[in-house]
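First up is the structure itself, then whatever we jot down about it.
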Amino acid sequence: MKIKEVVSILDGKVCCCENLLDNEVFSACASDMMSDVLAFVKDQSLLLSGLCNPQVIRTADMLDIRCVALVRGKTPSPDMIALAEQKGIVILSSNLRMFLACGLLYQAGLQPGEVIL
């Protein structure tokens with residue numbers, strides 16, 4: 001699924017890296033705990049979170065996550081945007097709650113990623 005489709009499904013606002021909206025994401029994970037995200041098998045993925053700090057982008061970069069969708073109307077800090085632009089990670093903001101955002105993306109065909117146990 002292209003990131004621009006994710007933006008449309010979530011009725012999101014792109015906060016940075018608009019030039020990367022044609023990139024694909026193949027799976028998604030959702031968490032506000034970055035330690036849980038680190039257990040996620042990565043590969044060109046989408047992260048949904050309500051956490052708004054640069055650590056989210058650092059975690060996403062480590063896992064080859066291409067897009068971070070902030071839910072519950074959260075907006076990224078300037079530091080978060082600057083780091084995402086440097087790393088080439090799209091940030092979008094949506095007013096949807098995480099549960100609904102995940103459901104809509106799953107319904108549209110985005111698959112959950114694997115978890116390392």
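I'd like the full set of residues that are open to solvent by 30 Å² or more (accessible area, probe 1.4 Å) and assigned to a loop (DSSP other than H, G, I, E, B), limited to region 80-97.
Once the filter is applied, which keeps residues that are open to solvent by 30 Å² or more (accessible area, probe 1.4 Å) and assigned to a loop (DSSP other than H, G, I, E, B), region 80-97 yields 88, 95, 96, 97.
Determine which single condition residue 58 fails, assuming it passes every other condition in (1) within 16 Å of residue 31 (Cα to Cα); (2) surrounded by 18 or more Cβ atoms within 10 Å (Cβ to Cβ); (3) of a type outside the set (Asp, Glu).
Looking at each condition in turn, residue 58 falls short on (2).
Is it true that some residue in region 65-79 is part of a helix (DSSP H, G or I), over 11 Å from the mean Cα position of the chain (by Cα) and buried (at least 22 other Cβ atoms within 10 Å of the Cβ)?
no
Find the residue count for region 1-24, including only residues that are in contact (Cβ under 8 Å) with a residue 40 or more places away in the chain, assigned to a loop (DSSP other than H, G, I, E, B) and touching a strand residue (DSSP E or B) at 6+ places or on another chain (Cβ under 8 Å).
Total meeting the criteria: 6.
Looking only at region 76-100, which residues are at pLDDT 95 or above and of a type in the set (S, T, N, Q)?
Once the filter is applied, which keeps residues that are at pLDDT 95 or above and of a type in the set (S, T, N, Q), region 76-100 yields 86, 93, 94, 95.
Check region 101-117 and report whether any residue there is part of a strand (DSSP E or B) and either at pLDDT 95 or above or open to solvent by less than 30 Å² (accessible area, probe 1.4 Å) (or both).
No.
Filter region 8-53 down to residues that are surrounded by 20 or more Cβ atoms within 10 Å (Cβ to Cβ), out of contact with any Cys (no Cβ under 8 Å at 6 or more places or on another chain) and under 20 Å from residue 100 (Cβ atoms), then give me how many there are.
Counting residues in region 8-53 that are surrounded by 20 or more Cβ atoms within 10 Å (Cβ to Cβ), out of contact with any Cys (no Cβ under 8 Å at 6 or more places or on another chain) and under 20 Å from residue 100 (Cβ atoms) gives 4.
The values are calculated or read from the model by the stated rules, or taken from the named source; none is laboratory data. Keep in mind that what you see is a predicted model, and the values were worked out from it rather than measured. With ideal geometry, Cβ positions are generated from the backbone for all residues, glycine too; neighbour counts draw on all protein chains shown. We work out accessible area using only protein heavy atoms, side chains counted, and drop any ligands, DNA or RNA first. Shrake-Rupley method; radii C 1.70, N 1.55, O 1.52, S 1.80 Å.
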